[in-house]
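Encoded as structure tokens, the structure appears first; notes follow it.
A short reminder: the numbers here are calculations on the coordinates, not readings from a lab. Quantities reported herein were computed from a predicted structural model and do not represent experimental measurements. Reconstructed Cβ throughout: ideal geometry from the backbone, glycine too, with neighbour counts over all protein chains shown.
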Amino acid sequence: MTAPPPDPREEGRDALDPLPLLVGPPTEEELTRTLLAPSQRRAGWIWWGLFLASSGGVGLYVAAIVWLFLNGIGVLGNNIPVAWAFPITNLVWWIGFGHAGTLISAILVLFQQKWRASINRFAEAMTICAVIQAGMFPILHLGRPEYAYWIVPYPSSLAVWPQFRSALTWDAGAIATYLLVSLLFWYLGLIPDFAAARDRAPTKGKRLFWAAASLGWRSSQTHWHHWRSAYLLVAALGTALVVSVESIISMDFSIAQLPGWHTTIFPPYYVASAMFGGFALLLCLLVPARAGYRLEHVITEKHLDVLNRMVLLFSWFVSYGYLQENFFAWYGSDRYEIGSFAALWTGRFAWLWWACVATTTVLPQTLWVARLRTSRAWSVVVGAGVVLGVWLEQFTHIVPPLSHDFLPSSWRPYGPTWVDLALTGGSMAFFLWLFLLFLKLVPAIPLSDLKEVRHELGKAAREGGAPAEDAEVVA
Amino acid sequence: MTAPHYAVGEFASGEEMLAAVRELRRLGFGDLDAYGPYPVEGAREALGLGTSWITRAGTLSGAIFGAAAGYVVQWWMNAIDWPIDVGNRPPHAWPAFILLSYEGLILCAAFAAFFALLFAARLPNLHHPVLGAEGFESATGSGFWVSVGSADREERIRAMKQLGLMGARKVQPVDEGETG
């Protein structure tokens with residue numbers, strides 16, 4: 001292997017110098033070998049350790065769910081007026097993570113951004129695992145979860161139909177569509193890589209499995225031609241979908257009359273906050289994964305740098321959202337709305353709100369420093385902080401307005417129970433469990449995308465004397 | 001129609017592969033195809049493929065169907081079959097219906113794009129003769145291949161000779177029923 005690139009910090013190199021997108025550059029055979037290796041070799045002890053730990057968490061999750069189903073939603077901390085609390089917060093939180101995955105995959109392919117090539121499958125897997133978590137909570141917080149299917153419009157013997165003027169019905173359609181389209185997009189991108197796995201499968205059984213999964217893909221340029229067209233079309237659809245799904249989720253709240261909820265900033269603000277959390281979570285997942293699977297040559301410091309820039313950017317969007325909702329409250333002179341926001345800054349839940357501001361507005365500002373953007377440890381610190389901050393942001397937008405609405409006689413405090421906490425922690429364990437399975441079973445880096453990028457970067461480096469815009473291959 | 005007799009050959013790079021394809025086309029060989037681990041720039045023109053109309057048309061029809069179906073379902077259920085008064089909103093609440101029609105559009109369009117791709121690429125096809133060529137695994141690795149389908153064996157021999165002249169390695173004939 002070639003020597004690692006010179007560390008800009010040590011050589012005093014200009015921090016604005018482009019960082020390499022691909023280190024090596026590895027040959028195509030090397031790429032194929034190193035990128036397929038994680039899904040083809042046996043799991044190591046770190047994977048097993050994490051898998052067993054997360055399985056324990058999933059066990060706790062199942063126990064909490066069984067307890068909940070046996071005893072009803074009275075075991076949650078929800079009360080009147082705070083009828084929505086941890087479960088819906090977790091729904092919004094998880095679905096938000098899904099959206100950054102789709103953004104990276106879909107929107108960036110449409111904008112032809114090369115840095116997406118090695119991380120898009122991680123991002124898509126994060127989306128799918130997150131949407132599965134999100135989909136569980138609307139069912140868990142129902143009083144009669146066995147009737148959850150009533151929200152689907154099927155010809156029922158009760159001769160009733162769901163009511164499509166409700167944001168909750170929209171949620172069901174949006175989340176189901178999002179899960180299915182995300183799976184489709186992920187699979188579409190995987191077909192060529194399943195074919196590569198088929199061609200290198202060590203046993204006949206595995207070869208048959210990958211052959212079936214890849215549908216007989218021959219890597220023909222005719223295939224690629226149609227595939228590229230379909231992929232870009234589904235990417236465009238996915239982009240449109242992301243905005244609509246997050247807006248629909250936000251409308252669960254904004255179409256209600258509650259002061260603190262009833263504001264038109266919610267749809268774009270929730271989209272921004274979703275991206276924000278998603279980029280942060282992706283960093284938390286990528287940094288250990290690239291170290292564990294020795295993928296530093298394809299997920300380079302450049303990727304960390306760009307992802308951190310996105311975290312910083314979306315931190316500003318979200319902070320703008322905070323500014324706007326408080327401004328609207330003050331400018332609108334509605335005493336209930338002003339009261340609701342004043343209670344957020346100084347009332348019962350103020351400590352959560354200040355923690356939210358600290359982690360979502362203040363902490364990401366450290367990412368203005370280039371050295372910190374390429375630091376692995378700091379990426380995880382900021383990533384984890386933002387992931388927590390986004391949860392706090394959802395929570396403080398849902399519970400305090402409910403707890404402090406129009407009539408003072410209706411105001412009531414809220415506190416979670418162990419079931420709330422177990423469901424939250426359990427969903428995190430289940431996410432990790434699913435993500436570990438993805439890392440083990442599926443080629444985590446798209447081979448064809450990366451080979452294409454390598455080819456383009458190499459061509460640009462050979463043709464120009466000066467490097468082209470993204471020609472950052474380090475020889 | 002009898003299955004064509006294929007001749008395949010491997011090239012070292014995408015550019016060589018495309019040069020071979022252009023030359024073969026110029027010499028009058030029909031049924032040509034090129035293979036590589038990623039879409040090579042210029043392959044579309046060399047092979048004479050236009051825009052992928054099938055995927056676009058498929059997606060568009062899926063989109064129209066999804067939007068229309070989504071809207072009609074909501075309208076019929078909430079405005080015709082079982083209208084109920086919810087906060088005095090009109091039963092035919094078209095602004096509200098737009099949202100799920102939009103989701104229906106995206107869902108059906110995405111699946112239509114996928115099935116259009118399968119149709120256009122004639123997949124799934126696990127037993128195409130070319131897959132049986134020796135060393136063809138490199139097509140998903142770092143190799144670039146060209147295949148020529150011929151109606152008879154004489155033409156195939158000429159194709160194989162031509163591939164060899166252009167610098168192809170592992171030139172070999174492959175037939176239906178000989179796949180691995």
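Extension gain for residue A:168 to residue A:37 (0.36 nm times residue separation, less C-alpha to C-alpha distance): 42.8 nm. Taking Lys and Arg as +1 and Asp and Glu as -1, the other residues whose beta-carbon sits under 12 Å from that of residue A:283 total +3. The lysines whose alpha-carbon is closer than 18 Å to the alpha-carbon of residue A:114, local same-chain residues fewer than 8 away aside, are A:302, A:451, A:459. Shielding of peptide B:140-149 by partners, expressed as the average count of other chain Cβ atoms within 10 Å per residue Cβ, is 5. Where only DSSP H runs of four or more residues are counted, chain A gives -22500 deg cm²/dmol as its mean residue ellipticity at 222 nm, each run worth -39500 (n - 2.57).
The mean number of Cβ atoms from other chains found within 10 Å of a Cβ in peptide B:37-46 is 6, as a whole number.
Between the C-alpha center of the range A:341-400 and that of the range A:83-132 there is a gap of 19 Å.
Roughly how big is chain A's charge dipole about its Cα centre, with Cβ charges of +1 (Lys, Arg) and -1 (Asp, Glu), in debye to the nearest 20?
Dipole size: approximately 1220 debye.
Structural descriptor for chain A: relative contact order 31 percent, calculated from alpha carbon pairs under 8 angstrom and at least 6 residues apart. To the nearest µm²/s, what D does Stokes-Einstein give for the range A:48-129 at 37 °C and 0.692 mPa s, using the Kirkwood radius over alpha carbon pairs as Rh? Using the Kirkwood radius from Cα pairs, D works out to 209 µm²/s.
If you build the Cα gyration tensor of the range B:1-119 and take the root of 5 times each eigenvalue, what three semi-axes come out, in whole angstrom, biggest first?
Listed largest to smallest, the semi-axes of the range B:1-119 are 52, 14, 10 Å.
Taken about its Cα centre, the range B:108-180 carries a charge dipole of about 240 debye when Lys and Arg each add +1 at the Cβ and Asp and Glu each add -1 at the Cβ.
As a ratio to 2.2 N^0.38 Å, the alpha-carbon radius of gyration for the range B:57-180 is 1.92.
Averaged across A:207-218, how many Cβ atoms of other chains sit within 10 Å of each residue's Cβ atom?
The mean count of partner-chain Cβ atoms within 10 Å per residue comes to 4.
The fraction of all Cα pairs in the range A:359-435 landing in successive 5 Å bins from 0 to the largest distance is 3, 12, 14, 17, 15, 15, 11, 7, 4, 2, 0, given as whole percents. Across the range A:266-387, the mean sequence separation of Cα contacts (distance under 8 Å, 6 or more residues apart), normalised by length, yields a relative contact order of 42 percent.
Indicate the helices, whole DSSP H runs only, in chain A that combine a mean Kyte-Doolittle hydropathy of 1.6 or more with a Cα extent along their long axis of 15 angstrom or more. The partial results should precede the final answer.
Values: long enough: A:28-40 (18 Å, -0.70); A:45-71 (39 Å, 1.48); A:86-102 (25 Å, 0.69); A:120-140 (30 Å, 1.09); A:167-199 (47 Å, 1.03); A:221-254 (48 Å, 0.57); A:266-292 (39 Å, 1.31); A:301-332 (46 Å, 0.18); A:335-346 (16 Å, 0.22); A:376-403 (40 Å, 1.02); A:418-441 (34 Å, 1.66); A:447-463 (24 Å, -0.94).
Sorted by number, the helices that extend far enough and score high enough are A:418-441.
At a temperature of 20 °C and a viscosity of 1.002 mPa s, determine how fast the range A:345-475 diffuses translationally according to Stokes-Einstein, using the Kirkwood radius over alpha-carbon pairs as Rh; express D in µm²/s, rounded to the nearest whole number. Walk me through the numbers on the way to the answer.
Details: Rh = 19.5 Å.
After rounding, the answer is 110 µm²/s.
The H on the amide N of residue A:77, modeled in the peptide plane, is under 5 Å from the matching H of A:417, A:420, each at least 5 residues off or on a different chain.
Positive-end ranking of A:392, A:455, A:90 along the dipole of chain A, with charges on Cβ about the Cα centre, is headed by A:455. A simple count of charges around residue A:89, restricted to other residues whose Cβ falls under 11 Å of its Cβ and scoring Lys, Arg +1 and Asp, Glu -1, yields -2. Structural descriptor for the range B:1-125: relative contact order 28 percent, calculated from alpha carbon pairs under 8 angstrom and at least 6 residues apart.
With contributions of -39500 (n - 2.57) from each DSSP H run of at least four residues, the per-residue ellipticity at 222 nm computed over chain B stands at -15000 deg cm²/dmol.
Normalised radius of gyration (Cα atoms, divided by 2.2 N^0.38 Å) for chain A: 1.03. Net charge dipole, the range A:244-387: roughly 560 debye, given to the nearest 20, about the Cα centre with Cβ charges of +1 for Lys and Arg and -1 for Asp and Glu. How much net charge surrounds residue A:328 when only other residues with a Cβ under 15 Å from its Cβ are counted (Lys, Arg +1; Asp, Glu -1)? Around residue A:328, the surrounding residues sum to -2. Could you please state, rounded to a whole Å, how far the C-alpha centre of the range A:270-296 is from the C-alpha centre of the range A:149-173? Taking the Cα centre of the range A:149-173 as reference, the centre of the range A:270-296 is 36 Å away.
If you average the alpha carbon positions of the range B:105-173 and of the range B:57-71, how far apart do those two centres end up, in angstrom? Each part's Cα centre sits 32 Å from the other's.
Which is the longest run of chain B containing none of the GluC sites (Glu not before Pro) found in DSSP loop states (not H, G, I, E, B) with at most 13 other C-beta atoms within 10 Å? Formally, the longest exposed-site-free interval is B:1-133.
3J(HN,Hα) along the range A:154-161, derived from phi through the Karplus expression 6.51 cos²θ - 1.76 cosθ + 1.60 where θ = phi - 60°, amounts to 10, x, 8, 5, 7, 6, 10, 10 Hz, with x in place of Gly and Pro.
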